[in-house]
Amino acid sequence: MVEQSDLPPLLKAFGADLAVAMKRDEAGRAASAVTVGSGRRPRLTGRKSLPRLGRPLIAAIALLVGLSSVGGLALAGTFDGNAISPQSWVDGQRVQPEAAMTPDQTADLEILRRPRVASDELPASLVPSFTDNPQAGSGANPSLSRRAQGFDNGSAWVIPGDGMICFAARTSVTGLGGEGCGSDASVNAGRMMVVGANAASPGLFGVAGIVPDGVNTVTITPTDGSSESVAVHENVYMADVRGAFSVSFDGPSGPVAVGTFAPPAASQSQPLSCGSADGSSC
């Protein structure tokens, strides 16, 4: 379990405000079903803001597995180039968006090597998630975004930054998803995974991630179910899963255990989960 005392100020604020938002969301649903789906997104005051996730309320968790973790939640502990930590952004520091992609970013990601087309544009509703949000510390540049092609439903974008690569996704069935950023090396190695959930679909989680060139499928294994092979399109996979699960794939250098996601108990005040470098349970 994640102890609140172990969390940095940014995550403490995130958890507290998200818990309040969830209570308000549930109260609103009970009061009137007509108001649900208004499209308004919860935001924090001041410099802090919750991730913009395209639903009345969605709790998104970025599991950047293989990087240093804080209180059980794996975060981008290494910041390459001029990138700064989310907490530094909250404290007032700023970084300029990356002007162009680097070989380190494109080496193992075909999606970033192809020319950008009109459909790659990041939706206006998602741009603030990487420009007016702690994730802006990554130096993400929405004008460099690429949208993964090949999905019949759902959508996902890869957004290069300054020594960092960011990711935003909405899964195919429920539209659940989230955003996150990781170092060039971690993302190119397949260590980027985002998980999203909302109050309208209890127990259902949208998972999406990035894998390197040559990986055609990933395996998602629910704790209480059979493994599922999920197709990869332009380095991206997306799926909707119930309950706890793990994600793995066969990479160019052998099997890779991306990580395990375990939903927090209903009684937990911190809506956080965890990841690990070796894919073991949290």
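Excluding Phe245 itself, calculate the net charge of residues whose Cβ lies under 14 Å from the Cβ of Phe245, where each Lys or Arg counts +1 and each Asp or Glu counts -1. Could you put the intermediate results ahead of the total?
On the way: positive: Arg242; negative: Asp224, Glu228, Asp240.
Local net charge: -2.
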Return an integer: the convex hull volume of the alpha-carbon atoms of the range 189-271, in Å³ per residue. 91
Between Thr221 and Asn82, what is 0.36 nm times their sequence separation minus the Cα-Cα distance? Round to one decimal in nm. 46.3 nm
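Can you tell me the order of 179-187, 201-209 when each peptide is scored by its average per-residue count of other Cβ atoms within 10 angstrom, highest first?
Details: 179-187: 26.1, 201-209: 21.8.
Ranked by mean Cβ neighbours within 10 Å, highest first: 179-187, 201-209.
For Ile210, what is the net charge nearby, where nearby means another residue's Cβ is under 12 Å from its Cβ and Lys, Arg count +1, Asp, Glu -1? Please report the intermediate quantities before stating the final value.
Working: positive: Arg146, Arg191; negative: Asp108, Glu110, Asp184, Asp213, Glu234.
Net charge around Ile210: -3.
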Between the modelled labels at Arg113 and Gln93 (7 Å from Cα along Cα→Cβ) the distance in nm is 3.3
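Given R₀ = 51 Å, FRET efficiency for Ala262-Thr131 by Cβ-Cβ distance, to 0.05? Write down the numbers at each step before the final one.
Working: r = 32 Å, r/R0 = 0.62.
Given R0 = 51 Å and the Cβ-Cβ separation, E is 0.95.
When the convex hull of the C-alpha atoms of the range 131-274 is computed, what volume per residue in Å³ does it have? Working shown, then result.
Values: hull volume 16.7 nm³, N = 144.
Normalising the Cα hull of the range 131-274 by residue number yields 116 Å³.
Averaged across orientations, what area in nm² does the convex hull of the alpha carbons in the range 130-214 project?
Details: hull surface 24.6 nm².
Averaged projected area of the range 130-214's Cα convex hull equals 6.2 nm².
Since every read-out is calculated from the coordinates, none of them should be taken as a lab result. Note that the coordinates shown come from a computational prediction; the quantities given were computed from them, not determined experimentally. No Cβ is skipped: glycine too gets one built from the backbone with ideal geometry, and neighbour counts run over all protein chains shown.
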